[in-house]
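Taken together, the values in this text are just the output of simple stated rules run on the coordinates, not laboratory data. Only a predicted model underlies this, so the values are computations on that prediction, with no experimental measurement involved. Backbone-built Cβ (ideal geometry, glycine too); neighbour counts: all protein chains shown.
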Amino acid sequence: MAASMFKQTFCFLKNAATSSFANVFCSSERSFTLYTYRARRRFKTVRRRYNYVPMGRPETPPDGKYTTEPLRFIRSGGRDLNGKVVNAKIGGGPKVSWFMRDSNYPEVGERDEKVLRVHPDPVRTAHLALVGSGNHKRYIIAHQNVKEGDVITTSCQIPPIPVRAVEGNAHPLGALPIGTIVHNIEKIPGEGGRICKAGGSSALILRTLGDKVVLRLPSKHEMALDPKCMATVGQVSNSGHDAIPWKGVGEKMSSGYRPRTGWRHRKTGYHGRKIKPKRTFIVKPTPPKYETFKLSGV
Amino acid sequence: MRITRQLFVSRKSRIKLLLDNLTYKDLPLNAPALSDVDIVKVNERKKHEEKQQSLPPELADDPRFYVPLKHEERKNYRQVPAFLYNNKCRFIEGTKQACVLTKSLRFDGLPENVQQLVDKFEVPNESRLVQKAILKSQLWDSAKELLPRRKDPEYPNFKFNREYGIPLEKKLNMLSFDFFRIAETAVAAKYPQTTKTRRMIFNPSGMATFFKYNESLLSFYVGINAVITSRSMLSPFVPEEQVESKSSGSIPSIYPISPTIDFFKTHNYNLKNSIGFSEISSKFPHTLILLNDNDWSEDERQARALVTAMGVLLAQAKKTFPGIKARLPAPMAVQVVNVSETALNFTYFQLNTVDFDNTEDNVKNFVWFDTNNVLFDKLMPQPWKGDEFKRTRIESLDLDGFKKLLATVGYCADLEESLTQFHDKLIEL
């Protein structure tokens, strides 16, 4: 037994020793595997908290331009791209509409915007705020203490003295003082907000490290970012949505979950449809090159 | 054979020897740089390449591969964009936004000239006739059409059964035109010559204007349900001498927003200036009638009434005083009646200037709002509360709104009668 185990390891190492590791881990040879669906995913229904998010995909407008009109949201029903049931515990629920939310920051020096409406979002955990300036309206993430009639400013300038942080305003990270709470942060300047968009989340500015600004994320990781990246001050709205529990089965069913089959209908490997993953083909690494020596006739 | 610690330890040294002979320890950390790979600094994120355009379909008219036309290819393309107004433009700030657009001062209640006429027109069996009109529209009509689904905010998950009944559009038509028929007979009983001078036109078409506001073109296509016209112009609510003294107040500002935020911006449009009913003898509008076949708030409905009144008067001012850019030599006025399911709303608008850009001018336009004159309470069924709440209930009649309607319809009726008598006397001579 030990010998066989030893052999297995030795064979692997032998192959590894003779063939260059660059060949085995080279991406060009592994690229054949990416076209096929390899991993056998185990679908677990995560026990979602209340004010959950429906599972599905949105329908984008045909123009591709930004609109404030409600659009269609298509529920998945537990179906895959091929149309087959992949998760039988999803299904039902009310029809829901989806609004396009703008998390980009405009590239102007300064702009004032006025909050017109605030209402909850059926597709996300954070609330939505309708905001208008000039002739343009858009939806943004609503912060904790937002009201109708507030005026919000965004500015791209970094003065030498840090700016006094007012809730709702947007500034680059280099302009904000240490200790401010911040959300909708950019990773690369000019790209758009990426971090801390969910309900109740926020990040903290800890210190500066040379050219960069260090943030503490909600997962307690620290991240160093360019000081030109934009962020808005404050905490995202709807912070207590985690704590509300489900009332019962009826509420879950009416929201889009389906029951689990009980012990009488417990499935084993013997019952039911045979669902197996598709086989992949792995390109074997190139065989090792043996050096050949020719003997001369001397 | 069982793998024991002794065996594992005895082979460990052998494995170590082999591993030491290999050089794999060094390779992953100090791997040689491949020539094909370029080191990229993370200053920008890689943008997704655009998908290659698919081949054209075999049939030219295949609707599955329809691509909409660009703006330049559609008809009526102009380089200068314009903002269009429609019946379905919903002002987000309500009457405040409309007042800033039309540069008008706001007053609440009825103007003085109309307030004096409130109790002067008598209708025999007034309450009985009004109740008949209400019940005709709500209950006695025999229409059976599928009504839209109902949702109650008190109990959102309750599922109502689908009902068949009278649609909203028909209810409003019946209610409003019964009221106006009663009002016109009451006015004609006192001033009989108004039957010759006045007309009622249903769904007039072709009413449009355009003008410049803060270096942007606006074009109005106004939609009206009905209009009462007369042979002579309405006398203004505030005479010309008192216009300057009364326009001393200030207009509120909606700073980050411009009042054209709800308009539709296009490059394809047609500019037109026309009144729809100019080919008949009675061509001056007296009252406009709007039916609120929507679920807006009363504030938004009044804003729509203001803007339609302004559009109608602008079209007329451009025809009577061509080439005008500022103050009018004679002010013009119009009345609007907004009919919703249970209430009546009134607006009275007077046009003094056409210069809408200057907010700090001496002369401004005037607006009177009288909203939410509720005639009756309609309580929809809520079966989860008990047996008493199973059916719809119509309660508490209030006739104040109807009396105001009589006053608006009867405004300037005495002037028309005197003018017609004068006109007939001339013919006799």
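Rounded, prolate or oblate: which fits the range B:183-321 when a ≥ b ≥ c are the square roots of the eigenvalues of the alpha-carbon gyration tensor, with rounded for a/c under 1.5 and prolate only if a/b beats b/c? Because a/c hits 1.5 or more and a/b exceeds b/c, the range B:183-321 counts as prolate. With contacts taken as Cα pairs under 8 Å and at least 6 residues apart, chain B reaches a relative contact order of 21 percent.
Take each residue in A:132-138, count the other chain C-beta atoms within 10 Å of its C-beta, and the mean is 5.
Fully extending the segment from B:LYS265 to B:GLN116, taken as 0.36 nm per residue of separation minus the present Cα-Cα distance, adds 49.2 nm.
Spin-label model, B:GLU341/B:LEU59: points 7 Å from Cα along the beta carbon direction are separated by 4.5 nm. Relative protection proxy for B:243-254, A:146-157, from highest mean packing down: A:146-157, B:243-254 (other beta-carbon atoms within 10 angstrom). For the pair the range A:204-236 / the range A:164-184, the C-alpha centres are spaced 10 Å from each other. Here, the range A:104-233 has an Rg and a Dmax of 14.2, 42 Å when only alpha carbons are counted.
Per-residue packing, averaged as other Cβ atoms within 10 Å, sorts the ranges B:221-228, B:261-268, A:56-63 into the order B:221-228, B:261-268, A:56-63, beginning with the highest. Rg/Rh for chain B stands at 1.27; both radii use Cα atoms, and Rh follows the Kirkwood definition. Of the peptides B:65-71, B:277-283, B:165-171, A:291-297, the ranking by mean beta-carbon count within 10 Å, highest at the top, reads B:165-171, B:277-283, B:65-71, A:291-297. Dipole size of the protein assembly as shown about its Cα centre, with +1 on Lys/Arg Cβ and -1 on Asp/Glu Cβ: approximately 6940 debye, rounded to the nearest 20.
The label point for B:ALA330 and the one for A:GLN157, both projected 7 Å from the Cα toward the Cβ, are 5.6 nm apart. Peptide A:91-104 shows a mean partner chain C-beta count of 0 within 10 Å per residue C-beta. Which of A:LYS114/B:LYS171; A:LYS147/B:LYS325; A:LYS197/A:LYS228 have a Cα-Cα distance over 29 Å? As for pairs spanning more than 29 Å Cα to Cα, those are A:LYS114/B:LYS171; A:LYS147/B:LYS325.
Return the calculated 222 nm mean residue ellipticity for chain B, to the nearest 500 deg cm²/dmol, obtained by summing -39500 (n - 2.57) across DSSP H runs with n ≥ 4 and dividing by the residue count.
-8500 deg cm²/dmol
Computed from the Cβ-Cβ distance with R0 of 56 Å, the FRET efficiency linking A:VAL85 to B:SER127 stands at 0.30.
Separation of the alpha carbons by more than 32 angstrom is noted, of B:LYS212/B:LYS283; B:LYS196/B:LYS319; A:LYS220/A:LYS274, for A:LYS220/A:LYS274.
For the peptide B:252-260, the mean number of other protein chain Cβ atoms found within 10 angstrom of a residue's Cβ is 4. Distance between the C-alpha centres of the range B:237-280 and the range B:350-429: 20 Å, rounded to the whole angstrom. Each 10 Å bin, from zero up to the one with the longest distance, holds this percent of the alpha carbon pairs of the protein assembly as shown: 2, 9, 14, 17, 18, 14, 9, 6, 4, 3, 2, 1, 0, 0, 0. Relative contact order for the range A:104-233: what percent, with Cα pairs under 8 Å and sequence separation of 6 or more? Rounded, it is 22 percent for the range A:104-233.
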